[in-house]
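What follows is a single structure, written as C-alpha cells, with notes after it.
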Amino acid sequence: MGKKILKIVSVILLLIIAILIAAPFFLEAKIGNIIKNNVNKNVNAILDFSEADLSLFSSFPNAEVKFKDPLFKANTLDLTMGIMQLFKGTEDAIAINNIYLDGALLNVVVDKDENANYDITVVPENTTVEETTSADGFSFDLQTYEISDSRIYYIDKSTGITFKLDDFQ
C-alpha cells in the first residue's frame, strides 16, 4: 500500500514538473500578445517588443515575464503575476504583482503648454480623466517594485526646471 502511494505521488510530481517545463513554450507568445493588446488599447502609443520570455521556476508559484526591447530603453523589465493570469484571454485584464526595472533611461518632458510625454493614457469619450482611475487592461496589486541602475532626465519647459538623476536605485 505504501509503495503504491509513493508511486502515485511520484507520478503526480513528475507531471507537475513536466507541465512547469513545457508551459512556457506554449504560453510565451500568448502572454506577450495579451500584454501588447492591453497596453495598446489603453495608451496613445504602440507598444511592440521583439521577445517576451516566460518563466515559471524563477518566481514560483508566480509567473515571470522578461521583455526584450520594451517601450523605453532598459536592460531588464520583468513583470511577475500569478500563474492563473496566463490563462486569461487576450482581451481580459491581467494582474501584475511585481515590477523589476534595471538599466532604464527615462526621459520625461513637459512642453510649454504643460503637456507631458508620459501622459499617453486613452480617455474614453464622454469620460473625464478623474473617472478613469484604472485601466481596463491591467490590475496592479504591487507587492514589490524595484528600480536599479537607472537614469531619469526631467525637462519642464513650462517652468524652466531641468534635472537629471543618475544611478537611480
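None of the figures in this text is laboratory data; all of them are computed from the coordinates on show. Just so we're clear, the structure is a prediction, and the values are computed from it rather than from any experiment. FYI the Cβ positions are ideal-geometry reconstructions off the backbone, even for glycines, and counts take in every protein chain you see.
Can you figure out the FRET efficiency of K4 with D92, using R₀ = 45 Å and their beta-carbon distance, to the nearest 0.05?
0.60
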Can you tell me how much longer the chain between K73 and T144 gets when fully stretched, taken as 0.36 nm per residue apart minus their C-alpha distance, in nm with one decimal? 23.4 nm
Scalar couplings 3J(HN,Hα) for the range 156-161 by Karplus 6.51 cos²θ - 1.76 cosθ + 1.60 (θ = phi - 60°), nearest whole Hz, x for Gly and Pro, are 10, 6, 6, 10, x, 8
Multiplying the sequence separation of A23 and K112 by 0.36 nm and subtracting their Cα-Cα distance, what value in nm do you get? 27.1 nm
For K73, counting only lysines whose alpha-carbon sits under 24 Å away and dropping same-chain residues fewer than eight positions off, the answer is K30, K36, K41, K157, K164
Set the Förster radius R0 to 41 Å, insert the Cβ-Cβ distance between L15 and I161 as r into 1/(1 + (r/R0)^6), and round the FRET efficiency to 0.05. 0.10
